[in-house]
Structure formats: structure tokens, C-alpha cells
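**Q** The structure's right below; bear with me while I get my questions together.
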Amino acid sequence: MKTTNKNRVKLFSVVLLAALVASVAGVGMGQGPTTSPVAQTTKGAVIKGKAPVNKKLLKVNLPKAQEATLANGLRVIVLESHKVPAFNMQMVVLSGGLSDNTDYHGLASFTAGLLRDGTSKRSSKDIAEQIDALGGTIASGSGLSSLTSTVTASGLLENLDQTLDIFADVVRNPTFPAGEVEKYKSRTLAQLQFQRSSPAFLAQEQFSRAIYGEHPAAFITPPVSSIKRLSSKDLANFHSTYYRPNNAILAIVGDVTLKEMLPKIEKAFGDWQKADVPATTIPSAPSQAASRIFLIDRPGSVQTVLQLGTLGIERTNPDYFSLLLADRIFGGGPAARLFMNLREDKGYTYGAYSNFSGSKFRGTWISSSEVRTDVTEGAMKEFMYELKRLRDEKVSADELENAKRAIVGNFALSLEQPQSLLQNIITQKIYDLPADYWDTYPQKVAAVTVDDVQKVAQQYIDLNHMQIVAVGDAAKTRTILAKYGTVEVFDAEGKPVAPGGN
């Protein structure tokens with residue numbers, strides 16, 4: 001019997017899930033019952049050992065997308081998924097926040113955010129009502145330091161033609177009505193004021209500034225000055241400049257084929273005019289500054305939000321998979337060291353985690369938690385202990401195997417989600433990853449060694465350049481934080497507080 005790509009994916013997922021279930025039950029696939037389980041202890045918390053994933057299960061041959069390019073340069077990617085009569089499509093414009101003017105951060109975000117608020121054919125109300133009547137969705141967005149802007153739509157296959165018509169109208173013909181722009185400005189300014197009441201927001205804002213300085217990634221929200229100067233003309237100019245077919249990829253996943261879709265796409269986008277698009281210069285992340293401690297004062301706060309981190313890697317860095325494993329072991333989930341230490345053993349918090357990111361510029365590797373004010377000192381001690389331990393000691397073989405199993409297991413589950421498969425394809429295109437990148441993903445995870453993990457930990461956990469941010473009651477936490485360096489105090493607006501001012 002001929003095995004299709006779709007069946008291979010299903011078989012891979014089913015078998016791997018069976019392996020995971022068997023390991024939870026204490027039985028390794030093909031190995032019979034296990035002997036007494038090996039335990040990994042983290043200061044009183046115990047994780048039961050599990051059988052490793054069979055290496056033969058790491059081979060996978062993913063379904064291949066079909067591709068075509070229209071005469072105007074629009075690249076089309078179609079990934080067939082015939083499980084349900086539905087579709088999801090995404091227009092990826094290859095210009096985002098990184099294409100903003102240096103004195104106007106947020107323009108790409110504003111443009112994407114207002115696309116569906118009125119076109120030359122439909123009002124904002126018309127778009128909302130028509131999509132709702134079709135049982136579909138349309139959304140759009142772009143980040144302040146994003147490589148792209150995206151417009152997405154989804155719905156039932158029987159409504160594809162009507163949805164595609166609205167989708168194309170939103171992508172190609174937005175008018176950015178002045179009234180809608182003013183409403184958007186008011187909402188955004190109000191939202192920004194609300195965000196300033198969130199300790200987690202204040203911590204992330206200060207951390208991004210500390211890491212990136214003047215780089216676009218320093219902004220997690222548009223500057224107030226950009227919001228206030230926003231005009232319909234600005235948005236129209238950005239759209240006219242960057243929303244062009246030769247600067248975009250249309251990706252579709254669902255119960256469709258490329259042969260069926262091409263005539264529909266030609267009708268919707270074939271006469272979309274291409275144009276010369278300015279090249280986007282991607283700024284490098286700045287050199288890491290010496291370690292600093294930032295304390296945002298919230299008098300009377302019963303919690304301290306802590307964030308500690310450094311610069312990480314670009315998405316295409318060869319260290320990606322080693323760092324993926326290091327992060328998983330350190331703080332990538334409820335079985336990771338930070339969680340087991342700060343929550344399970346110490347009871348300082350509901351959760352403690354780490355994560356890393358990478359784009360075409362260096363991302364960050366950051367760990368964080370929200371702890372009770374009265375345990376701020378203990379939490380800082382344990383954060384530094386775990387950071388140093390990951391640098392100075394090799395992780396155990398069991399820890400590494402458990403992390404591999406979790407990552408490969410999550411990857412296997414994602415293969416059952418067509419949108420995840422499509423997003424993988426888009427990521428491969430944007431970052432020019434090898435064509436077999438996702439086919440060999442499990443093997444790359446499996447190939448990481450304990451030496452690889454320690455190497456990246458020593459390289460990227462740079463304690464001399466560690467940026468530490470705390471949001472809490474300065475009167476109760478400043479002396480504690482001063483044990484780790486000079487403390488700079490700020491208010492909730494990000495303004496420095498003079499010594500003795502808290």
C-alpha cells in the first residue's frame with residue numbers, strides 16, 4: 001500500500017504519542033517493563049525518570065507545500081489538509097516594524113491595525129458584518145520590531161470565494177478613514193495607560209530598553225509621540241510603499257489544492273500592481289552593556305516582578321538547538337529547574353520560567369517570575385544559583401533526555417495542526433532555512449549533547465552583562481537588590497527617581 005505524506009505525518013504522531021504515553025506509564029516502547037524509575041531531585045522536588053524516545057521515531061517526512069508565483073511577483077504557497085472542509089490564509093507582507101522611519105516607531109503596526117477599518121468598497125461595519133455572517137475571521141497585525149506585517153483570514157470551504165473577496169479588499173484597498181484613525185488613537189492611548197498599571201508590562205518595558213537601547217526592539221509599545229502624530233496620510237503612504245505583490249507571500253492551508261486556488265487568486269490579486277519596494281535595513285543589536293539593576297518603584301506592592309537576562313542569538317545561529325535544550329532544562333516549563341526550585345521546593349511563586357527568542361537580529365534569553373515581596377531576597381538568591389549552576393555544571397543525561405522528549409513530543413503534536421505546518425513553511429522562507437529544515441528537526445534536537453548545553457550556557461549567560469529588572473516596593477527591596485550591584489530606581493512612567501526619593 002502506498003504511504004502518502006499525510007499518512008506518514010499521522011503515523012509519526014500516533015507512534016510518538018504512544019511512546020510518550022508508554023513512558024508515562026513506566027514502560028519503554030519495545031523494551032518491556034522498566035525497572036525501578038530513576039529520580040532526578042531538585043532540592044526536595046522529584047521528577048520521575050522516563051524511557052527515552054526511540055531514535056527510529058525521530059525520522060519524519062513532512063507534507064510538502066505546492067508553490068507558484070503570479071506574474072506580478074506574488075508568491076503563493078498552498079498546503080493541502082483535507083481533514084475538515086475549512087481553510088486558513090495568510091498574506092505575509094515582507095515589511096514590518098523594522099521598516100518604520102527611525103523617528104516614527106509604530107507606523108507598520110498602525111497600518112496593519114487599521115486595514116480592516118474601511119476600504120474603497122466597504123466600511124468598517126460592512127467588513128465586520130459580512131465576515132461574521134460567513135462565520136469567518138479576518139485579523140491583521142505587525143510588531144514594532146517585526147520583519148513582516150500579516151493579514152489572516154479563515155472560514156468554511158463553502159464560503160471561500162466570499163471570504164477571499166473581502167480578504168483581498170482589506171489587503172489591497174484600505175482607505176484609513178480619518179474618523180477610524182482618531183478612534184484608534186484614542187483606544188491605543190487609553191490602552192497604554194492601562195498597561196502602565198501592570199507590573200509585568202513595566203518590567204518588560206524596562207528590560208527591553210536595557211538590552212536594546214535605541215534599537216527598534218527596545219519598544220514594546222508605540223511611543224506616545226508616534227500615536228499622537230498618526231494620520232491617514234501616513235498610513236496610506238506606508239501601505240502604498242510596502243503592500244505590494246512582489247513584497248508578499250500568500251500562504252493557504254486547508255481543504256484546497258493549488259490547481260483549484262490559482263484561478264481564484266489570479267482573480268483576486270492578479271491585477272495588484274507591483275512596484276519597487278525600499279530595502280529594509282535590519283539593525284544589529286547593540287553591544288551588551290555592563291550589568292545593571294533597574295528597580296521600578298510601586299509603593300505598597302505585595303509582589304516583586306523579577307526579570308533577568310542577556311542578549312541571545314539570531315534565529316539562524318548554529319547554536320539554536322543547543323540553546324533550545326538549555327532553555328527547556330533551565331526554565332522552559334513546569335518540569336524545569338526554575339519552576340521546581342522557586343515554586344515546588346521554595347513556594348515563592350506560582351511559576352518561574354525562561355524563554356529565548358531570535359530574529360534576523362539577536363534576541364534575548366530571559367528568566368522571570370512574580371514573587372511575594374517578603375521572599376524577594378530568597379528568589380534572587382535562587383535565580384543566581386540556577387544561572388551559575390547551568391553555566392558551571394553539566395546537566396544530567398536524564399535532564400537532557402527529558403527535555404528532548406518534551407520538545408520532540410510538542411513538535412509531533414504540532415504536525416496535526418495545519419496552521420502550525422504552514423507557519424513552519426513561512427518561517428523557513430523568511431529566514432532562508434534549508435528546504436529539509438523541519439524534516440530533520442527531531443534529529444537536530446536529538447543530536448544535542450550535555451557538552452553543547454554547557455557551552456551555550458557559558459556563552460550566553462553572561463553575568464557581567466546581565467540586565468536585572470525588578471518591579472516592586474523599593475523601600476523593601478532596594479537594599480536586597482543592592483547586594484548584586486548598583487540599583488537605579490525609576491517610577492512607573494520610566495523616569496529616574498533621585499536617591500532618597502522613594
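The values are calculated or read from the model by the stated rules, or taken from the named source; none is laboratory data. What you are looking at is a predicted structure, and each value in this text was computed from that prediction instead of being measured. Cβ coordinates were reconstructed from backbone atoms using ideal geometry, including for glycine residues, and neighbour counts include every protein chain displayed.
**Q** Return the residue satisfying two criteria in turn: it lies in region 184-201 and is touching a residue at least 12 places away in the same chain (Cβ under 8 Å) and charged (D, E, K, R), and of such residues it is surrounded by the most Cβ atoms within 10 Å (Cβ to Cβ).
**A** Only one residue tops the list, namely K185.
**Q** Let me spell it out: the conditions are (1) over 30 Å from I480 (Cα atoms); (2) modelled with pLDDT of 95 or more; (3) assigned to a loop (DSSP other than H, G, I, E, B), and E416 meets all of them except one. Which number is the exception?
**A** Among (1) over 30 Å from I480 (Cα atoms); (2) modelled with pLDDT of 95 or more; (3) assigned to a loop (DSSP other than H, G, I, E, B), E416 violates only (2).
**Q** Restricting region 88-128 to residues that are touching a residue at least 60 places away in the same chain (Cβ under 8 Å), part of a helix (DSSP H, G or I) and not hydroxyl-bearing (S, T, Y), which is nearest to D169 (Cα to Cα)?
**A** Here the answer is G113.
**Q** Taking the residues in region 36-67 that are within 22 Å of D439 (Cβ to Cβ) and of a type in the set (A, V, I, L, M) as candidates, determine which candidate is modelled with the highest pLDDT. Step through it out loud before you land on a result.
**A** Within region 36-67, the first condition is being within 22 Å of D439 (Cβ to Cβ), and the residues that meet it are 52-67.
Of the ones still in play, those that are also of a type in the set (A, V, I, L, M) are 53, 57-58, 60, 62, 65.
On the way: V53: 53, L57: 53, L58: 57, V60: 67, L62: 77, A65: 92.
So, considering only residues that are within 22 Å of D439 (Cβ to Cβ) and of a type in the set (A, V, I, L, M), the one modelled with the highest pLDDT is A65.
**Q** Does region 340-360 include one or more residues that are under 28 Å from E401 (Cα atoms), at pLDDT 95 or above and out of contact with any Ser or Thr (no Cβ under 9 Å at 6 or more places or on another chain)?
**A** Within region 340-360 (the criterion being under 28 Å from E401 (Cα atoms), at pLDDT 95 or above and out of contact with any Ser or Thr (no Cβ under 9 Å at 6 or more places or on another chain)), the answer is yes, since at least one residue qualifies.
**Q** Against the definition (loosely packed, with under 14 Cβ neighbours inside 10 Å, β-branched (V, I, T) and touching a strand residue (DSSP E or B) at 6+ places or on another chain (Cβ under 7 Å)), how does T257 come out, yes or no?
**A** Numbers: loosely packed, with under 14 Cβ neighbours inside 10 Å: yes; β-branched (V, I, T): yes; touching a strand residue (DSSP E or B) at 6+ places or on another chain (Cβ under 7 Å): yes.
For T257, the condition - loosely packed, with under 14 Cβ neighbours inside 10 Å, β-branched (V, I, T) and touching a strand residue (DSSP E or B) at 6+ places or on another chain (Cβ under 7 Å) - is met.
**Q** What pairs come out if I take residues in region 346-362 that are in a strand (DSSP E or B) and pair them with residues that are of a type in the set (K, R) whose C-beta lies under 8 Å away, six or more apart or interchain?
**A** Going by the 8 Å Cβ cut-off, the qualifying pairs are T349/R343; T349/R372; Y350/R343; G351/R343; A352/R343.
Here's the yes/no breakdown for (1) closer than 12 Å to M89 by Cα; (2) in contact with a His (Cβ under 8 Å, 6 or more places away or on another chain); (3) surrounded by fewer than 23 Cβ atoms within 10 Å (Cβ to Cβ):
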| residue | (1), (2), (3) |
| --- | --- |
| S124 | no, no, yes |
| D132 | no, no, yes |
| G136 | yes, no, yes |
| V151 | yes, no, no |
| L160 | yes, no, no |
| T163 | yes, no, no |
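**Q** Separate question: Please specify each residue of region 409-423 satisfying the condition of being surrounded by 19 or more Cβ atoms within 10 Å (Cβ to Cβ) and out of contact with any helix residue (DSSP H, G or I) (no Cβ under 7 Å at 6 or more places or on another chain).
**A** P418, L421, L422
**Q** Still on this structure: Need at least 1 residues that are touching a residue at least 60 places away in the same chain (Cβ under 8 Å), under 25 Å from F207 (Cα atoms) and of a type outside the set (A, V, I, L, M) per element, so show me which helices (runs of 4 or more DSSP H) inside region 425-502 make the cut, counting only ones lying wholly within it. Walk me through how you get there before you give the answer.
**A** Details: elements: 441-446, 450-460, 474-481.
The helices (runs of 4 or more DSSP H) meeting that bar are 450-460, 474-481.
**Q** Something else now. Only one residue in Q288, Q307, Q273 is under 18 Å from L387 (Cβ atoms) and in a loop (DSSP other than H, G, I, E, B), so which one is that? Break it down stepwise before answering.
**A** Details: Q307 fails: in a loop (DSSP other than H, G, I, E, B); Q273 fails: under 18 Å from L387 (Cβ atoms).
Residue meeting the stated conditions: Q288.
**Q** Starting from region 285-307, keep only residues that are touching a residue at least 40 places away in the same chain (Cβ under 8 Å) and closer than 11 Å to M466 by Cβ, then list their pairs with residues that are surrounded by 15 or more Cβ atoms within 10 Å (Cβ to Cβ) and of a type in the set (F, W, Y) whose Cβ atoms are within a distance under 7 Å, requiring at least 6 positions of separation or different chains.
**A** Close Cβ pairs (under 7 Å, with a partner that is surrounded by 15 or more Cβ atoms within 10 Å (Cβ to Cβ) and of a type in the set (F, W, Y)) amount to I293/Y484; Q307/F207.
**Q** For region 363-375, name all the residues that are closer than 30 Å to H215 by Cβ and outside any loop (DSSP other than H, G, I, E, B). Lay out the reasoning, then the answer.
**A** Going residue by residue through region 363-375, those that are closer than 30 Å to H215 by Cβ are 363-371.
Once the filter is applied, which keeps residues that are closer than 30 Å to H215 by Cβ and outside any loop (DSSP other than H, G, I, E, B), region 363-375 yields T364, W365, I366, S367, S368, S369, E370, V371.
**Q** Okay, next question. I'm told Y431 meets every condition in (1) closer than 30 Å to G300 by Cβ; (2) of a type outside the set (A, V, I, L, M); (3) surrounded by fewer than 16 Cβ atoms within 10 Å (Cβ to Cβ) except one. Can you identify the failing condition by its number?
**A** (1)
**Q** Within region 231-250, can one find any residue that is farther than 30 Å from S420 by Cβ, β-branched (V, I, T) and out of contact with any strand residue (DSSP E or B) (no Cβ under 8 Å at 6 or more places or on another chain)?
**A** yes
**Q** Among (1) without any contact (Cβ under 8 Å) to a residue 60 or more places away in the chain; (2) over 30 Å from I211 (Cα atoms); (3) touching a strand residue (DSSP E or B) at 6+ places or on another chain (Cβ under 8 Å), where does L421 come up short?
**A** (1)
**Q** Would you mind listing the helices (runs of 4 or more DSSP H) fully within region 129-239 where at least 2 residues are among the acidic types (D, E) and more than 27 Å from the chain's Cα centre (by Cα)?
**A** Numbers: elements: 160-172, 178-195, 199-212, 224-229.
Those helices (runs of 4 or more DSSP H) span 160-172, 178-195.
**Q** Next question. Pick out the one residue from P245, P223 that is surrounded by 14 or more Cβ atoms within 10 Å (Cβ to Cβ) and at pLDDT below 95.
**A** On the way: P245 fails: at pLDDT below 95.
Of P245, P223, the one residue that is surrounded by 14 or more Cβ atoms within 10 Å (Cβ to Cβ) and at pLDDT below 95 is P223.
**Q** While we're on this one: If you go through region 23-31 one residue at a time, do you hit one that is modelled with pLDDT under 90, under 21 Å from Y437 (Cα atoms) and either in contact with a Pro (Cβ under 7 Å, 6 or more places away or on another chain) or surrounded by 19 or more Cβ atoms within 10 Å (Cβ to Cβ) (or both)? So that I can check it myself, show each step before the final result.
**A** Pass one, region 23-31, residues modelled with pLDDT under 90: 23-31.
After this cut, where a residue has to be under 21 Å from Y437 (Cα atoms) as well, the list is none.
No.
**Q** Sticking with this structure for a sec: L342 - would you say it is farther than 21 Å from N410 by Cα and assigned to a strand (DSSP E or B)? Reasoning before the result, please.
**A** Details: farther than 21 Å from N410 by Cα: yes; assigned to a strand (DSSP E or B): no.
When the stated conditions are applied, L342 does not pass them.
**Q** A further question on this structure: Which count do you get for residues in region 336-347 that are over 15 Å from Q307 (Cα atoms) and either β-branched (V, I, T) or buried (at least 20 other Cβ atoms within 10 Å of the Cβ) (or both)?
**A** The initial filter retains those residues of region 336-347 that are over 15 Å from Q307 (Cα atoms), namely 336-337, 340-341, 343-347.
Still in the running and either β-branched (V, I, T) or buried (at least 20 other Cβ atoms within 10 Å of the Cβ) (or both): 336-337, 340-341.
Qualifying residue count, region 336-347: 4.
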